[in-house]
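First up is the structure itself, then whatever we jot down about it.
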Amino acid sequence: MKMRHGPLRMLPYARPYWKVILAVFLSMMLYSVGVNGRAYLIKPFLEEVIIPAEGLRSIQGLKPNDIDELRKSYSPEQEQRDRERLTALLRKRLLVLIGVALAVVALIPLANFVKEYASFYVVHRMLRDLQCDLCDRFLAMPLSYHNRARKGEILSRLNSDVSKASQSFKLVFGDLAQEPLTLLVGVGAMFYLSWQLTLMIGLALPPLVLLVVRFGRKIRKKSRKRQEKVGAQVSSMIQMFSGIKVVKAFRTEEAESQRFRSLSQSLFQREMKVARTHSLSRSVTELFNNLTYIVFLGVGVYAILNEMLGLTLPVLVAFLGLATTLYRPIKNLSKAYNEVSDAMGGLERVCEVLDLEPDIRDRPDARTLDEIREGIRFENVSFSYDGNQLVLKNIDLTIRKGETVALVGRTGVGKTTLTDLIPRFYDPTEGRILIDGVDLRDYSRDSLLGHIAVVTQEPFLFDTTIEENIRYGRPDATDEEVREAARAAYIHDAIMALPEGYKTRVGDRGARLSGGERQRVTVARAILKNPSILILDEATSSLDAESEKWVKLAVSNLMKGRTTVVIAHRLSTIQNADRIVVLEDGRVSMMGSHEELLHQGGLYRELCELQLRPEDLSPAPREKAEGER
Ligand SMILES: Nc1ncnc2c1ncn2[C@@H]1O[C@H](COP(=O)(O)OP(=O)(O)OP(=O)(O)O)[C@@H](O)[C@H]1O
Ligand SMILES: [Mg+2]
């Protein structure tokens, strides 16, 4: 169960790179042989060269001094000859040993280069793959998820958490693999030198491991909390800067700055908590290591003095040399373990994303919607966002092919919600919606959405060129088609008047365009898509008369010949509709033409009187509207 959010979840991301990973491990193996070999070499140097050379200095080393007779017959010439022969022999041995030492030393940087470079490759490929995967997951999540999720939270998971998590890859293909290898080879060599001393090290190990694991657990918990704070901070930044105009207008810079400061402060405190545990852990293991070293030195010297354990000077020196070499892997290993624990905080949050249930999937036998023949029908549709309160109640509504239906109602009554059900941004809580008698859920989403264009209440543009924004409706459209759509949306001339024309970047959310221009660009986008079903949520923001006129013209071009559901705020749109549906308290309360409904009075008349200019309520408005066109 625990592994669900553990490092094993990352295995599939490593699998494609197994060959490189193999190279990493091979070079790690060579590296450990090199590092330990370097320490071990002191033994042959001592045994084969240094100690015999020391002996050579004293006559006693050469003369068989215990037998007087021999001593007399051992002439100075003979002694000189022996001395020279031995010196030559030692020189030869030294050369060989130096050669071996050089080879060992050359091996280390070579292996090091390969393992570092190759592991960097693996780690970053995995990071890239994981990030793309997470992005796909988020994109696949239904709208209801994104309505709830904070954008900063998503961003920080995509960014900070993934890079935190990828530190664990770095360690797995770095210290976490290298150091145990080095330890293994080192301990093997030590075992070969003196198994008794090595077994003693074995005794010191369990408490150390226990210590490291305990610290690691603490760090993991604390790092998770810290990552949550990072999410909160990014969220706050996004809020602040996407609402920068409001911030400026209300002069709340100071308050925003304070809020940010306090978030940063609490992030800092979290960071410090993690850092404290890290340092504490490092210091304690360091103390532990140093103590063990001293204990071994003591035991070794004592053993030599008392001629125990078969210890000799070269063996002890090499053993301690190896032990010092091992000090670094032990330290690194416990550090790496802590860092991995730290990274686990991020990894857990990443795994949570991998666990997200994606958007409503197509049924295996989903149909393709080729063409709309009859129209759309809502059958007893109820909908609730939270599973509690019904926003829509028992809606029955038929929209025939080619018909324009205008939805009106008080703000918050559920107009946008109702239209959101058609492209299946949400599925009905009860009842069903049919196109040509087939439940929407039986169509493949691709084919369904291929027929629908949605113009949202707030025009949204991406921070790219105008051309790209229009082409968003149909990426394969030609330049000429894009221009054609822009003309139909009455935005072409305005675009051409810009210094860079269609290549003008619109800024974040289209900030560089006026409200009316923005709306017409989104209309052009929908025109280019050429959908058979159009869902139009008229912007409630009021435009000046001139702008309003162009938007109106653009919209009427867009609606031509399509099955349209329009959430109408403009009288002209309402009047052009074939049918008007009045929503009240989540239900359809009235239906009919403008005149009929006006005649019936009730909410419709009230709305018209409230929202529309008095002159619009004068008789025969239809003609007036047409005169305007
Ligand atoms: N994503 C959401 N999650 C939860 N509740 C929501 C969500 N979107 C809207 N609501 C609620 O559902 C109700 C209907 O909202 P909806 O946006 O459909 O109203 P509307 O008729 O389009 O209003 P307006 O004319 O102001 O655009 C409102 O009470 C709103 O608070
Ligand atoms: Mg709305």
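In the condition set (1) more than 16 Å from ligand 1 (Cβ to nearest atom); (2) touching a Lys or Arg at 6+ places or on another chain (Cβ under 7 Å), ASP396 is compliant with all but (2).
Does GLY387 satisfy the condition of being more than 9 Å from ligand 1 (Cβ to nearest atom), farther than 22 Å from ALA577 by Cα and out of contact with any helix residue (DSSP H, G or I) (no Cβ under 6 Å at 6 or more places or on another chain)?
Values: more than 9 Å from ligand 1 (Cβ to nearest atom): yes; farther than 22 Å from ALA577 by Cα: yes; out of contact with any helix residue (DSSP H, G or I) (no Cβ under 6 Å at 6 or more places or on another chain): yes.
Here the answer is yes, as GLY387 does meet what is asked.
Take PHE425 and tell me if it is within 13 Å of ligand 2 (Cβ to nearest atom), among the hydrophobic types (A, V, I, L, M, F, W, C), open to solvent by 20 Å² or more (accessible area, probe 1.4 Å) and closer than 22 Å to PRO142 by Cα. Against the criterion (within 13 Å of ligand 2 (Cβ to nearest atom), among the hydrophobic types (A, V, I, L, M, F, W, C), open to solvent by 20 Å² or more (accessible area, probe 1.4 Å) and closer than 22 Å to PRO142 by Cα), PHE425 qualifies.
Identify, from the list THR564, THR573, the residue that is farther than 17 Å from SER514 by Cα and either away from ligand 1 (no atom under 16 Å from the Cβ) or in a strand (DSSP E or B) (or both).
Numbers: THR573 fails: either away from ligand 1 (no atom under 16 Å from the Cβ) or in a strand (DSSP E or B) (or both).
Of the residues listed, the single one that is farther than 17 Å from SER514 by Cα and either away from ligand 1 (no atom under 16 Å from the Cβ) or in a strand (DSSP E or B) (or both) is THR564.
Here ARG432 fulfils each of the conditions (1) under 22 Å from VAL588 (Cα atoms); (2) open to solvent by less than 70 Å² (accessible area, probe 1.4 Å) apart from (2). Could you list, in sequence order, all residues of segment 129-144 that are within 19 Å of PHE425 (Cα to Cα) and either in contact with a Ser or Thr (Cβ under 9 Å, 6 or more places away or on another chain) or within 10 Å of ligand 1 (Cβ to nearest atom) (or both)? If the condition is that a residue be within 19 Å of PHE425 (Cα to Cα) and either in contact with a Ser or Thr (Cβ under 9 Å, 6 or more places away or on another chain) or within 10 Å of ligand 1 (Cβ to nearest atom) (or both), then LEU143, SER144 are the ones that fit.
Listed by first and then second residue, the pairs linking a residue in segment 508-535 that is within 16 Å of VAL482 (Cα to Cα) to a residue that is open to solvent by 20 Å² or more (accessible area, probe 1.4 Å) and of a type in the set (D, E, K, R), with Cβ atoms under 6 Å apart and 6 or more places separating them unless they lie on different chains, are LEU528/ARG474; LYS529/ARG474. Tallying residues that are surrounded by 16 or more Cβ atoms within 10 Å (Cβ to Cβ) and touching a residue at least 60 places away in the same chain (Cβ under 8 Å) within segment 458-481 yields 2.
Anything in segment 74-87 that is assigned to a helix (DSSP H, G or I) and more than 20 Å from LYS43 (Cα to Cα)? List them, or say none.
Pass one, segment 74-87, residues assigned to a helix (DSSP H, G or I): 76-87.
Correct list: PRO76, GLU77, GLN78, GLU79, GLN80, ARG81, ASP82, ARG83, GLU84, ARG85.
Determine if segment 104-115 includes at least one residue that is open to solvent by 50 Å² or more (accessible area, probe 1.4 Å) and within 23 Å of GLY345 (Cα to Cα). No, there is no match, as no residue in segment 104-115 is open to solvent by 50 Å² or more (accessible area, probe 1.4 Å) and within 23 Å of GLY345 (Cα to Cα). Residue count for segment 556-568 satisfying the condition of being within 14 Å of ligand 2 (Cβ to nearest atom) and either among the small types (Gly, Ala, Ser) or more than 20 Å from LEU421 (Cβ to Cβ) (or both): 1.
Taking the condition open to solvent by 40 Å² or more (accessible area, probe 1.4 Å) and in the same structural domain as TYR40 (by TED's automatic domain parsing), does ARG214 pass? So ARG214 fits the description; yes.
Consider SER156 carefully, then state whether it is more than 24 Å from TRP18 (Cα to Cα), more than 37 Å from the chain's Cα centre (by Cα) and open to solvent by less than 70 Å² (accessible area, probe 1.4 Å).
Working: more than 24 Å from TRP18 (Cα to Cα): yes; more than 37 Å from the chain's Cα centre (by Cα): no; open to solvent by less than 70 Å² (accessible area, probe 1.4 Å): yes.
No; evaluated as a whole, the condition is false for this residue.
Taking segment 463-520 as the range and being basic (Lys, Arg) and in contact with a Gly (Cβ under 7 Å, 6 or more places away or on another chain) as the test, only ARG518 passes.
The listed residues are ASP136, ASP82, and the only one of them that is acidic (Asp, Glu), without any contact (Cβ under 8 Å) to a residue 60 or more places away in the chain and closer than 30 Å to ALA318 by Cβ turns out to be ASP82. Between THR417, THR368, THR324, THR429, the distinction of being among the hydroxyl-bearing types (Ser, Thr, Tyr) and under 18 Å from ASP537 (Cα atoms) belongs to THR417 only.
Counting only residues that are surrounded by 18 or more Cβ atoms within 10 Å (Cβ to Cβ) and of a type outside the set (Gly, Ala, Ser), how many does segment 31-50 have?
Quick first cut of segment 31-50, residues surrounded by 18 or more Cβ atoms within 10 Å (Cβ to Cβ) only: 31-37, 39-43, 45-46, 49.
Right, trim to of a type outside the set (Gly, Ala, Ser) and you get 31, 33, 35-36, 40-43, 45-46, 49.
Going through segment 31-50 one residue at a time, the tally reaches 11.
The set of residues in segment 233-265 being surrounded by 15 or more Cβ atoms within 10 Å (Cβ to Cβ) and of a type in the set (S, T, N, Q) consists of GLN233, SER235, SER236, GLN239, THR252.
When ASP439 is tested against (1) without any contact (Cβ under 8 Å) to a residue 24 or more places away in the chain; (2) of a type in the set (Asp, Glu); (3) within 16 Å of ligand 1 (Cβ to nearest atom), exactly one condition is not met: (3).
The values are calculated or read from the model by the stated rules, or taken from the named source; none is laboratory data. Since the structure is predicted, the reported quantities are computational estimates derived from the model, not experimental observations. Positions of Cβ are generated from backbone atoms using ideal geometry, with glycine treated the same way; all protein chains shown enter the neighbour counts. Just so you know, the surface numbers come from the protein's heavy atoms only, side chains and all, with ligands and any DNA or RNA stripped out. Shrake-Rupley method; radii C 1.70, N 1.55, O 1.52, S 1.80 Å.
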